[in-house]
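This report concerns only the one structure given below.
What follows draws every value from the coordinates through simple rules; no lab data is involved. Source: prediction; values computed, not measured. So basically every Cβ, Gly included, is an ideal-geometry build from the backbone, and we count neighbours across all protein chains shown.
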Amino acid sequence: MDIAQAIVMAMQAWGIIGALTAAVFLTIGMDRIDEDAQGAYIFRPLLIPGVLLIWPLVLWRWWQIESEARGWAERYRPVRAGHGAAVIVMSIAIVTIVALGLSVRQEWPADIAPVQLSQGASQ
């Protein structure tokens, strides 16, 4: 088996596990961890691609919420605490990337003369 086949098999396994996780989580788990999602079945198919990709995080978060006895506000406080820091880091990163992009200039070499590649059809 070469590397390409191993990568394809790993991605297929990831997708199969993600599909099983999505099926179980979106039918059973969502109602158990979020009271506001009970009976709301129309939006759940929209979550399938995300659950397929980040199924380990979904399973970890589901287990974490199920094993805790805290209330709704306490349950989401650790996740929301990082939003302020993420906003600051992303703002600084965007400004830095734009500034670096504007500061890098490419100059044409002065000692190279332009060369005509082919003559036009009008001559």
Inset, instruction - Determine the sum of side-chain charges near A40: Lys and Arg each +1, Asp and Glu each -1, restricted to other residues whose C-beta is under 10 angstrom from that of A40. - result: -2
Legend entry - Proxy reagent accessibility, fewest Cβ within 10 Å first, across M1, M11: M1, M11
Legend entry - Residues whose placed amide H lies under 5 Å from that of I54, excluding near-sequence neighbours: none
Legend entry - Additional length obtainable on full extension of the chain from A23 to L100, 0.36 nm per residue less Cα span: 23.2 nm
Inset, instruction - For the stretch 38-53, just list the computed ³J(HN,Hα) in residue order, Karplus coefficients 6.51, -1.76 and 1.60, θ = phi - 60°, integers in Hz, with x standing in for Gly and Pro. - result: 5, x, 9, 9, 6, 7, 4, x, 5, 8, 4, x, x, 5, 4, 7
Legend entry - Karplus (6.51, -1.76, 1.60) ³J(HN,Hα), θ = phi - 60°, over the stretch 92-98, in Hz, Gly and Pro reported as x: 5, 5, 5, 4, 5, 5, 5
